[in-house]
Structures are given as C-alpha cells and as structure tokens.
Amino acid sequence: MRQIFILVIVLMANCSSEAQSISWQEMAPGVWKGVVGKPESYDLLQASGATPNREAISHMGKAVFPLAVEDISGMVSDGKTYLRFPLDKAEQIYGFGLNFQTVQQRGKILELHVDNFAGKDNGRTHAPTPFYVSSKGYGVFINAARYIKVWAGTAVLRDSKHPPEPKDRNLDKTWTSRPYSDGVEILVPAAGAEVYLFAGPKPLDAVARFNLWNGGGCLPPRWGLGFTQRVQRLYDADMVKKEADDFESKGYPLDFIGLEPGWQSKSYPCTFEWDPKRFPAPAAFVKDMLDRHIRLNLWTNPYVSPESSIYSGIKPYTASHTVWVGAVPDLSMESARKIFFGQLKKSQVDIGISGYKFDEVDGGDSYLWPDVAIFPSGHSAEQMRQTYGLLAMRCSMDMFRQSNRRTFGLVRANNGGGVSFPYVIYNDYYNHEDFITALINSGFSGVLWTPEVRASKTAEEWLRRFQSNIFSPLAMINAWSSGTKPWTFPEVAEQVRQLALLRMQMMPYWYSEFARYHFMGIPPFRAMNLEEGFGDGTQKQNNMAGLETNPYEEAVIKEVKDQYMAGQYLLVAPMFIGQTSRKVILPKGNWFDFYTGSFAGNGTVITVTPGLDKIPVYVKDGGIIPMMKPRLHAPAIGEKMDLEIRYYGTKPGHYLLYDDDGETFNYEKGEYSFREITITPGASGKPVCTISAPVPGKPNTIGDVRWIFPGHE
Ligand code: GAL
C-alpha cells in the first residue's frame, strides 16, 4: 500500500491567488514533495497503488535540491492549480508521456489527456505521464489524475527575471514569434496538487529516481521476453494449435500466442466467457498449449455485454454511459473489481491463461464515455479516463499475484504511477519511424512500448519492421487482421527466423536489463539524450514558408529520433523502408559493431550501408552481452542455460547478470541474485574473465559459460 505522508506542509492557502514558493519535504534522498492548495484524494499514485522503493533510492545517495526554491511557485485560483518551474536558456526538457513525433518538449503546449494517439504530439496519447526531465539533471512530476495543461517554455511573464528583448518585427531579422520563455507553466484543473521533484545529478538519475518512487520498473517473466504471435481474429482452438505446430516445425521461436476477438462468445461488448463453438473445451485446450510450451494471452476490452453472465451483478457498479453498448465497470470500486476480475480468474486464469491485452481503455472520444458520464464511486469521468488503464493493470497483476505467477501483457493506456506494471503499450497507428520515436520517449515516462509488426506491402518493409521489433520490450507480430506469419514473405523468411532466434539468444541480456529497470529504475529502452557523451543532438533548420503563409512560423529543430539505447551497452539504429544507408551518431567513447566486433567510431557521425539483412547495432567499449544458445522457447522453471558471454572493445568490463526462477514473485522475498561478471584485458592480449559463484540458497539457472570476444584475434 502507498505510504501515508503526514508531514506535509501546506503553504498555499486554498483561496490564495498570488503565486508563492512551495514548501518542500524530502521524502527520500533526492525526492521532494511539495503541496499546493488542497490536493484531491484520488490521484495517479493512489490509483496505481505504487509503493516507492525507498531502499533503492537511498542507495543512490544524498542529493541537493536541484533548483532554487524561490524559482518554483504555485497558487490556487478559480478552483485550479497554477504551477511554475524555471527554465534556463540552454536547458532542454523531455518526457510528458508517450510522444510519437518529437523527443524534446521545450516550446510545446500540451494537454495531457489519455487518448488513442491521433497523429499529433499534443499531449493526447496512450500514456500522457505528467513527468518531465531536464537536461540539467532533475525531474518534475505532477501527481494529479486530471487533464493537465502544460506550457513547456512558451509563456513569458511580464515581470520575468530573464525577459526577452522586445524587437521590431519589420526591421529586425532576429524577431521571433516565440520570444524566450524562462519557465514551464502547468495548469491542473483542481484546487490543489502534489508535486514531486527528483534530483540527478544526471538526467538518467532523475528518471531512475522517478521510476523507483513509482515502485521500479516491471520484471517480466522470462517467457515474456521471447517471441509472441497474435493470431487472426476468430481463430478456433484447432487453428491455434496448428499455428503453434507450424512455428515449431519451421523452427521459429514462440513463447506465447495472443488470441484476438473471437475467443469470447461475443465481443464489442464482451462476455468474458469462452465461445462454446470455437473453444468447446477451454481447460483442455490451454493445457494442451502449455504442454507445447506455449502460453496464451487474451485480447479483451472491459466493456460488459448485457449478455454476459456478470452483467446484472456488475451493473450497479458501472458508469452512466456505455461503450459500444457495453457497461463500463467502475474499476476504482472493490465491488466492480471483484466481479470483473473474479470472472477472468475463474474462467481463464485458473485454467492456465498467462496474460491479457487490455484494449481500448484509452479513447478516442468518439466511442469512449464522455466527460459528463457519472461513475458510482463518485470519481469524475475525467479522473476515470486518466486512470482506467492503471486500474486495469493493477487489478490484473494482483490477480496473477494470487497464484504467484508473473504476467506480461499489453495495454493501450498508462499514466504516472504505472511504472511497475508488466504491460506494454501498442496502437494501430503503424508508422515505423514514429514507432521508434515512441520507443525513445517511453524511457522518459516509465512506460514500455512495442513497435509491433502487422502487415507489410513488401518483404523489405516486413524485414525492416521485424528488425527493430526484436530490439524492443515485446517482440511480436500482431496478425489480428492480416493473418501474417513470420514466414509470410518467403524471400526474407530465413532472415526473420534468424532475427527471432537472436532475440532468444539475447534473453539473458534482456532479462538482466529488466532487472536493472526493476531494482535500479534504469529504463531498458532509452533516448540517446540520456547517454553520456551524446549532447543534445539538435540542429536548427530554417525552412520557413514565408510571411504570407504563416507570419508566426519558426525554424524547426531537427533532432535525433531514429536511434536509441537498448540496455546498458547497445545502440540500435533501425533502417526504414527505402533506406539503403543511414547516418548513426556515435557518442564519445569507442563503439564497436555488434556483429563483427570491429571498431566503428568515437564521438562521430558514421554513414552505414548494412544491407537488407542487418539492423545496425553498436556496442559500447567494454560492453558485456550475456547470451545463450538459439532456442524456440524460454527455459522452463529450474532449467539450466549454458551461456555465451560476449565482450567488446578493450575497456575493462563489468556486468550484473540477474538470475531468479523466471516465473514467480519469489524474487520479492529475496530469492534472486546478481552474478558479477568482470573482464579485463590480460597481459597477453587475451581478456581475463570471471563470473562470481552462484549464491548459496538462491535459484541458479546458469550452466556452462563460454567467453566470446568479437573482433579480437
Ligand atoms: C484494436 C487493437 C488491435 C486489435 C483489434 C481487435 O483496437 O489495437 O491490436 O486487437 O482492436 O479488434
């Protein structure tokens, strides 16, 4: 349960309409809370139930308050909370949720509103997390379940301490329609809000503190990091079994299959009951699949059909309005949760279903409940919209926890507070370039994102999309509409197979990187901007259309949004359709080609022509990548894996290899270990490698270890 903080000092009187500085209380080393007005009792952290990992935060050490207290202000006026944070001239800010087209957010006006992304970064997105991180190394989080408006360095105070110079637009070429703004201003439509400040010193430290305050990142089961295929809608049990057999016989890895609409007797609205014709014997079917080493994940949205057996029971705990004629359970109420998740548990989880895809819990406005809907808990429609995804994830994780089984699934809405939930966001937008920008941005906001593969026009597109997908949190084909398979394009079927096998080989690396996310708060997929030696990677581009077309247009900032960090050591630079070569920015320090180990560059921009078969990937000097042999399924509980540990470059390398049973929550009781790997260049030129001994009494899944030195003679 979330801790109750008592020592909160409320400086801002409810009626005060003059901005005053906020009084801050240090909650943990480098984490401060400030209160303005009277915050609502229902907020993001309350809805998610996030429990801060205080021990891990303390481990990061003490930090000084990162801003001048007098530069942050707040007040309540007109029943709303007004907040202001300072911005330096050279400062960049990142975050504000899962944006798809831009990484830097300075200069944006956003309304943070849970929604299905509609092609424009305006704050309406699947996870509009009210958190931003500054290039100066601190983070700000607004803990409010409201549609929050943000002016991220656009508004100029009349009495600013750093006012921009007034200029004559007609005579002065340096006139700009966006005069310099020295603040981030935020409007919360509630008469109070809790605000958190997270210290650095580096931006990544601030992100880590935010994640740890939210409970740390999720730790998926090992099988969640394998490969998953979502079959076409209306598949029946035999078709699903055949799909699994095809994967096996053709030698493609597969850990779980997603069933799309069609497994329920009715959907849109849903019954949450198996269809008796397509799945006449669900328990036997699920068991049969588990015997094939294949787990199942079920698509659903939460809107209850009048024909569902739970309809009459749950009706009193549903909203005034429906979605696709389905009743909307008020998941903030225990009575609704009990009935809804009770049905899922009894009918599906108890017979071995391993996870869910909670669809359409985000929006859009045309079908979701309107803001005038009434929920029986008394929470407003707006609050429910901002937290519905959080509630669905929280309850479903609790449901799996009851049987001590971890889950890994999909969701279309998340928000602040949802860092520790084992759910990956996806959508229908399907723009490969923007999918990569979303992957970059996910790391600023404590969420996971998959650039899923669906259909493609050409084999080239198929392969390019597949390549970036296997370097993401969830390697998945979503064939719900197209019915595609990994081998759909025969001319690249073998390349796709090899990529899927590479994903499996890298499982020990991915798993350890998720453990870092969980225990240390470091996102497994991150922007280059969080990487030391990168800089901010921006260039101003003057391509203004002219006065006639838009007299207020500004030069655009060109930024790096097509390469990212995957785990501690890898830099991934996806190729897009039609590209035969691309530029890759290598930060300061030596970087090596992932495939060959050859030196690639140091603090430079390289142009690469990798051919269709390869996605460019680079490894930092001293990089250690623990891998295992190619295989079709994740190791079973208790199974030992032989490792192939790769080492790149010449710098001494250090890695913490995570190990536990891979499936249960026993790690929460301390049943895990980090095995320490160190590699130093030996006198004879041959690296000297060590791995610490297994910790007595802890799960040990590591068999023989072979050391590999790509690029070394
Ligand atoms: C969409 C979802 C797709 C698929 C489909 C099924 O909302 O984004 O991935 O699940 O529903 O109807």
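What the table below lists for this structure:
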{"quantity": "Residue selected from the range 1-42 under the condition over 23 Å from Val69 (Cβ atoms) and modelled with pLDDT of 95 or more, by the criterion surrounded by the fewest Cβ atoms within 10 Å (Cβ to Cβ)", "calculated": "Ser41"}
{"quantity": "Scan of the range 133-145 for residues that are in contact with a Gly (Cβ under 7 Å, 6 or more places away or on another chain) and closer than 22 Å to Glu382 by Cα, ordered by number", "calculated": "Phe141, Asn143"}
{"quantity": "Unmet requirement for Tyr430, which otherwise passes all of (1) within 13 Å of the ligand (Cβ to nearest atom); (2) buried (at least 24 other Cβ atoms within 10 Å of the Cβ); (3) of a type outside the set (Asp, Glu)", "calculated": "(2)"}
{"quantity": "Pair list, Cβ under 8 Å, 6 or more apart: the range 265-290 residue over 20 Å from Ser308 (Cβ atoms), other residue within 16 Å of the ligand (Cβ to nearest atom) and not hydroxyl-bearing (Ser, Thr, Tyr)", "calculated": "Phe285/Val240; Val286/Leu296; Met289/Val240; Met289/Ile257; Met289/Leu296"}
{"quantity": "Residue in the range 445-455 that is buried (at least 19 other Cβ atoms within 10 Å of the Cβ), more than 14 Å from the ligand (Cβ to nearest atom) and in a helix (DSSP H, G or I) present", "calculated": "no"}
{"quantity": "Criterion violated by Arg295 - all others in (1) in contact with an Asp or Glu (Cβ under 7 Å, 6 or more places away or on another chain); (2) surrounded by fewer than 22 Cβ atoms within 10 Å (Cβ to Cβ); (3) of a type in the set (D, E, K, R); (4) under 16 Å from Asp350 (Cα atoms) satisfied", "calculated": "(2)"}
{"quantity": "Selection count where residues are within 16 Å of the ligand (Cβ to nearest atom) and either free of Cβ contacts under 8 Å to residues at least 40 places away in the same chain or in contact with a Pro (Cβ under 9 Å, 6 or more places away or on another chain) (or both), scope the range 225-254", "calculated": "3"}
{"quantity": "Index of the failed condition, Leu234 passing every other in (1) surrounded by fewer than 15 Cβ atoms within 10 Å (Cβ to Cβ); (2) farther than 27 Å from Gly483 by Cβ", "calculated": "(2)"}
{"quantity": "Filter pass, Ile257 being among the aliphatic types (A, V, I, L, M) and within 15 Å of the ligand (Cβ to nearest atom)", "calculated": "yes"}
{"quantity": "Residue that is nearest to Asp359 (Cα to Cα) [pool: residues in the range 260-306 that are within 16 Å of the ligand (Cβ to nearest atom) and in contact with a helix residue (DSSP H, G or I) (Cβ under 7 Å, 6 or more places away or on another chain)]", "calculated": "Pro302"}
{"quantity": "Cβ pairs under 6 Å, 6+ apart, first in the range 468-488 and without any contact (Cβ under 8 Å) to a residue 24 or more places away in the chain, second more than 11 Å from the ligand (Cβ to nearest atom) and among the small types (Gly, Ala, Ser)", "calculated": "Asn469/Ala475"}
{"quantity": "Residue count for the range 354-365, restricted to those that are in a loop (DSSP other than H, G, I, E, B) and either buried (at least 24 other Cβ atoms within 10 Å of the Cβ) or within 13 Å of the ligand (Cβ to nearest atom) (or both)", "calculated": "7"}
{"quantity": "Subset of the range 307-328 [surrounded by fewer than 22 Cβ atoms within 10 Å (Cβ to Cβ) and either within 16 Å of the ligand (Cβ to nearest atom) or farther than 27 Å from Asn116 by Cβ (or both)]", "calculated": "Ser309, Ser312, Gly313, Pro316, Val323, Trp324, Val325"}
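Condition check ((1) aliphatic (A, V, I, L, M); (2) surrounded by fewer than 23 Cβ atoms within 10 Å (Cβ to Cβ); (3) more than 26 Å from Gly417 (Cα to Cα)) across all residues:
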{"site": "Gly137", "(1), (2), (3)": "no, yes, no"}
{"site": "Val140", "(1), (2), (3)": "yes, no, no"}
{"site": "Ala145", "(1), (2), (3)": "yes, no, no"}
{"site": "Val150", "(1), (2), (3)": "yes, no, no"}
{"site": "Glu165", "(1), (2), (3)": "no, yes, yes"}
{"site": "Pro203", "(1), (2), (3)": "no, no, no"}
{"site": "Gly215", "(1), (2), (3)": "no, no, no"}
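Every residue, every condition in (1) within 16 Å of the ligand (Cβ to nearest atom); (2) within 13 Å of the chain's Cα centre (by Cα); (3) among the aliphatic types (A, V, I, L, M); (4) at pLDDT below 95, yes or no:
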{"site": "Leu368", "(1), (2), (3), (4)": "yes, no, yes, no"}
{"site": "Gly378", "(1), (2), (3), (4)": "no, no, no, no"}
{"site": "Tyr388", "(1), (2), (3), (4)": "yes, no, no, no"}
{"site": "Arg394", "(1), (2), (3), (4)": "no, no, no, no"}
{"site": "Arg406", "(1), (2), (3), (4)": "no, no, no, no"}
{"site": "Asn415", "(1), (2), (3), (4)": "no, yes, no, no"}
{"site": "Ser420", "(1), (2), (3), (4)": "no, yes, no, no"}
{"site": "Ile425", "(1), (2), (3), (4)": "yes, yes, yes, no"}
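The values are calculated or read from the model by the stated rules, or taken from the named source; none is laboratory data. Since the model is a prediction, treat every value here as computed from it, not as a measurement. Reconstructed Cβ throughout: ideal geometry from the backbone, glycine too, with neighbour counts over all protein chains shown.
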